[in-house]
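These notes concern the structure reproduced below.
The values are calculated or read from the model by the stated rules, or taken from the named source; none is laboratory data. Note that the coordinates shown come from a computational prediction; the quantities given were computed from them, not determined experimentally. Cβ atoms come from the backbone with ideal geometry, glycine included; neighbour counts cover every protein chain shown. Side chains are part of the model used for accessible areas, which takes the heavy atoms of the whole protein and leaves out ligands, DNA and RNA. Shrake-Rupley method; radii C 1.70, N 1.55, O 1.52, S 1.80 Å.
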Amino acid sequence: MISSLGGPVIPNSYIMKLLVLVLCSAVALTCGEVRQGRKFPDDFVFGVATASYQIEGAWDEDGKGENIWDYLVHTNPDAIADRSTGDVACDSYHKYKRDVEMLRELGVGSYRFSLSWSRILPSGFANHVNEAGIQYYNNLIDELLKYNIDPIITLYHWDLPQKLQELGGWLNPLVGDWFEDYARVVYEHFSDRVKSFITINEPAQVCYEGYGTDTKAPLLNATGIGEYICARNIALAHAKAYHLYNNVYKPKYGGECGYTFAVDSTAPLTDSEEDKYAVELLTQQQWAIYSDPVFSKDGGFPKELLELVAKKSAAQGFPRSRLIDFTEEEKAYIRGTSDFFGVNHYSGSLASPSLYTSQYAVPSSMDDIEVGQTVSDDWLQAASSWFQKMPNSVYITMKLIQNRYGDVPIYITENGWSSYGGIDDEDRVDYYRSALESALDALDEGINLKGYYAWSLMDNFEWLAGYTERFGLYQVDYDDPERTRTPRKSAFVYKHIIKTRMVDPDYEPESNVMTIDEGH
Ligand SMILES: *[C@@H]1O[C@H](CO)[C@@H](O)[C@H](O)[C@H]1NC(C)=O
């Protein structure tokens with residue numbers, strides 16, 4: 001009944017509670033809650049999101065430099081599930097007008113996309129700006145504005161210029177200067193028309209997956225070391241880019257600048273104090289190590305994590321802690337540097353120290369906290385191995401953030417479902433409907449949730465999974481040189497939700513022909 005990531009079986013009382021949760025979501029009225037007719041506020045933003053390496057292709061066209069994903073897929077093809085690359089991907093470098101047409105079909109008010117650092121600065125350094133790269137993004141921005149779609153730019157979505165990686169990448173203490181120089185070029189060229197910037201997408205996936213394990217480029221796998229050096233540098237880099245925007249560009253153009261974190265919904269395995277504390281420790285290891293320096297009252301890294309890592313490091317014979325604290329000056333510099341909390345949310349888990357096993361390397365940040373995770377078999381499995389659909393997970397995630405940081409403005413900057421493909425994507429339709437119902441639950445409780453971006457506009461290169469996992473509202477035909485995009489059922493359903501600002505569980509698209517409604 002219960003699948004476990006290496007731990008014991010979940011007690012029956014918990015299964016009962018989960019069943020009640022699942023029943024409550026399926027048949028709302030049995031739980032005394034009337035869910036019909038709830039609307040998203042008029043100023044609630046609906047959008048879709050993508051990222052440069054995953055869609056653009058044109059990996060070496062018009063002066064673009066090599067980045068860490070170009071380097072990985074070309075030098076280590078076995079690391080990618082289907083040995084594919086992002087060399088062409090969705091070919092959005094040439095097909096961006098079709099992308100904007102799809103945004104108009106959906107009726108979204110906003111498009112979140114990322115910039116390729118090495119398309120703008122081929123070597124990573126700001127001594128040479130590639131004008132063709134600037135032109136590409138100008139074209140895309142102008143096309144969006146022509147149809148009243150607000151561009152929201154992510155400066156960094158994981159495609160570091162390879163030259164900077166050779167200098168240590170996010171482990172080099174100078175990376176904040178390099179990032180600030182890149183940010184200046186971006187703001188100089190685009191902030192007259194773009195009013196919303198996100199500095200960095202998912203620092204945990206940059207640091208933990210890229211440096212502390214081997215599940216994202218550059219696959220450094222310096223467990224228990226790399227993620228902590230990166231966590232310190234990336235917070236300072238983000239803060240530099242924020243201060244630059246806030247001091248120079250915001251006074252001139254208005255607009256906002258924020259930071260996006262990946263937050264899973266985590267619940268205690270049982271009601272025990274140990275399991276509740278395990279949720280806190282897992283929160284610190286997974287995301288608060290990146291967000292506390294910016295959003296917590298006192299700034300800096302989470303206290304318990306700092307203490308645990310210091311203790312473990314000493315016991316392991318390290319002359320100093322593997323997690324180096326900020327100075328008071330650095331803490332003050334980083335604290336408060338985000339105009340909103342961006343959250344990418346997908347999956348969930350149950351936490352307990354009783355689930356901890358010795359599967360983790362020593363040292364590693366999972367070994368530092370000694371907490372294990374599991375999921376319930378009742379939760380639908382997505383195509384991605386890491387992804388199970390936990391009931392009401394958006395609400396749980398919003399509460400985790402609100403409990404930690406109060407009424408900070410929140411944007412869900414990514415949320416969506418992975419399948420193996422196919423146009424009739426009932427699972428994705430169900431996921432979006434439950435996620436948005438769950439978002440309405442959060443809004444009902446006064447959580448300051450301001451917008452929602454579906455991941456993703458279309459199928460794209462899913463990192464180490466290549467093209468084996470599909471997240472698109474539109475299906476992309478990779479066998480077709482035109483990379484034809486075809487709307488899935490979920491595209492019609494999301495369009496209907498945006499149009500009505502409601503989730504209608506019974507809505508069925510009238511046809512499979514997508515059109516652009518008046519006014520878009
Ligand atoms: C990653 O590092 C750990 C030791 O810290 C090791 O056990 C594991 O095998 C490494 N993974 C790879 C793919 O080298």
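Miscellaneous remarks
- Residue pairs, from the table Lys97/Lys495; Lys95/Lys195; Lys297/Lys399, whose Cα atoms sit over 21 Å apart: Lys95/Lys195
- In terms of accessible area, using a 1.4 Å probe and ignoring ligands and nucleic acids, Thr75, Thr357 rank largest first as Thr75, Thr357.
- Whole-Å distance, taken between Cα centres, linking the stretch 130-162 and the stretch 324-379: 31
- Residues Arg320 and Tyr507, FRET efficiency given R0 of 56 Å [Cβ-Cβ distance, rounded to 0.05]: 0.45
- Solvent-accessible ranking of His238, His128, His189, largest area first, probe 1.4 Å: His128, His189, His238
- Cross-link reach list, lysines versus Lys311, counting only Cα pairs under 20 Å and skipping chain neighbours closer than eight places: Lys303
- Each Cα pair under 8 Å and six or more residues apart adds its sequence gap; the mean of these over the residue count of the stretch 50-95 is a relative contact order of 54 percent.
- DSSP H segments from the chain that extend 20 Å or more along their own axis, Cα-based, with Kyte-Doolittle mean of -1.0 or above: 12-26, 131-146, 175-190, 226-244, 426-444
- Whole-Å distance, taken between Cα centres, linking the stretch 491-520 and the stretch 242-320: 38
- Model label points for Asp444 and Thr515, set 7 angstrom from Cα along the Cα-to-Cβ axis, are 3.5 nm apart.
- A probe of 1.4 angstrom, applied to the heavy atoms of all protein chains, finds Ser313 with accessible area near 0 square angstrom.
- Here r is the Cβ-Cβ distance between Glu131 and Tyr277 and R0 is 51 Å; the resulting FRET efficiency, rounded to 0.05, is 0.40.
- When Lys163, Lys297 are compared by accessible surface with a 1.4 Å probe, the order from highest to lowest is Lys297, Lys163.
- Solvent-accessible area, 1.4 Å probe, carbon plus sulfur percent, for the chain: 52
- Residues in the stretch 165-237 average 29 Å² of solvent-accessible surface per residue, probe 1.4 Å, ligands and nucleic acids excluded.
- Net lengthening on full extension, Thr486/Gln359 (0.36 nm per residue, minus Cα-Cα): 41.5 nm
- Beta bridges assigned by DSSP with both partners in the chain are antiparallel in approximately 25 percent of cases.
- Residues of the stretch 76-108 with amide N under 16 Å of a point placed 7 Å along Cα→Cβ from Leu219: 76-86
- Under the criterion of Cα pairs below 8 Å and six or more residues apart, the relative contact order for the chain equals 18 percent.
- Gain on full stretching of the segment that runs from Lys499 to Asn139 - 0.36 nm per residue minus C-alpha separation: 126.9 nm
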